[in-house]
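K.L.:
To start, I am sharing the structure in question, which I have written as structure tokens.
The values are calculated or read from the model by the stated rules, or taken from the named source; none is laboratory data. As the structure is a prediction and not an experimental result, all values here were calculated from the model. So basically every Cβ, Gly included, is an ideal-geometry build from the backbone, and we count neighbours across all protein chains shown.
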Amino acid sequence: MFAGLPATGIGGIFYMLLVFFMPFRELWRAMKGESSIDRWIFIASRWALFAIVISMMYTQALIMKWMMGDDMTKFMTAGVNAATGTESRSVFGSALYLSLLSLAGVMGLVYLVRFVLFVRGVMSDRPQA
């Protein structure tokens, strides 16, 4: 997550993933007869915002690369290079990759905690011998 790039934090990436999957959920609702034109207008407005955020991320990454030069770009993409073992020279791609990796880690940890709490609840409900 880099300062200056909007929506590259965990919350921004999570929001963009939710917006990305909104039409698929609405298609399912449409097949069940629960959809409306107002919902599709709302989804279209969220997709317009989604497109603006992505384009601004890309534009800011280009500006940062132009202003900082190749030396700073190599420094900023070092985390992705270390994580993947391949060379990345894209500030935009690096920011997205590291944010998605962070989001996956947080979501994995949340599901692990939920599982542990579920198992503890099941184990505490068992009758003692």
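The rows are residues; the columns are (1) over 19 Å from Leu100 (Cβ atoms); (2) polar (S, T, N, Q).
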| site | (1), (2) |
| --- | --- |
| Phe21 | no, no |
| Leu27 | yes, no |
| Ala30 | yes, no |
| Glu34 | yes, no |
| Ser45 | yes, yes |
| Ala48 | yes, no |
| Val53 | no, no |
| Ala61 | no, no |
| Lys65 | yes, no |
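K.L.:
Hey, Gly33 hits all of (1) more than 21 Å from the chain's Cα centre (by Cα); (2) modelled with pLDDT under 75; (3) not in a helix (DSSP H, G or I) but one; which does it fall short on?
P.N.:
Going through (1) more than 21 Å from the chain's Cα centre (by Cα); (2) modelled with pLDDT under 75; (3) not in a helix (DSSP H, G or I) one by one, Gly33 breaks only (2).
K.L.:
Out of Leu49, Leu62, I need the residue that is more than 19 Å from Gly9 (Cβ to Cβ), modelled with pLDDT under 90 and under 22 Å from the mean Cα position of the chain (by Cα). Which one? Quick ask: steps written out before the conclusion?
P.N.:
Working: Leu49 fails: more than 19 Å from Gly9 (Cβ to Cβ).
Leu62 is the lone residue from the list that is more than 19 Å from Gly9 (Cβ to Cβ), modelled with pLDDT under 90 and under 22 Å from the mean Cα position of the chain (by Cα).
K.L.:
Moving on to the next point. If you go through region 6-39 one residue at a time, how many are in contact with a Ser or Thr (Cβ under 9 Å, 6 or more places away or on another chain) and buried (at least 16 other Cβ atoms within 10 Å of the Cβ)?
P.N.:
Number of matching residues: 7.
K.L.:
While we're looking at this one, here's another question. Only one of these conditions is not met by Asp71: (1) assigned to a helix (DSSP H, G or I); (2) surrounded by 13 or more Cβ atoms within 10 Å (Cβ to Cβ); (3) at pLDDT below 65. Which number is it?
P.N.:
Status for Asp71: all satisfied but (2).
K.L.:
So if I check each of Ala104, Ala129, Ala44, Ala82, which one is modelled with pLDDT of 75 or more and either exposed (fewer than 10 other Cβ atoms within 10 Å of the Cβ) or over 24 Å from Ile10 (Cβ atoms) (or both)?
P.N.:
On the way: Ala104 fails: either exposed (fewer than 10 other Cβ atoms within 10 Å of the Cβ) or over 24 Å from Ile10 (Cβ atoms) (or both); Ala129 fails: modelled with pLDDT of 75 or more; Ala82 fails: modelled with pLDDT of 75 or more.
Being modelled with pLDDT of 75 or more and either exposed (fewer than 10 other Cβ atoms within 10 Å of the Cβ) or over 24 Å from Ile10 (Cβ atoms) (or both) holds for just one of Ala104, Ala129, Ala44, Ala82, which is Ala44.
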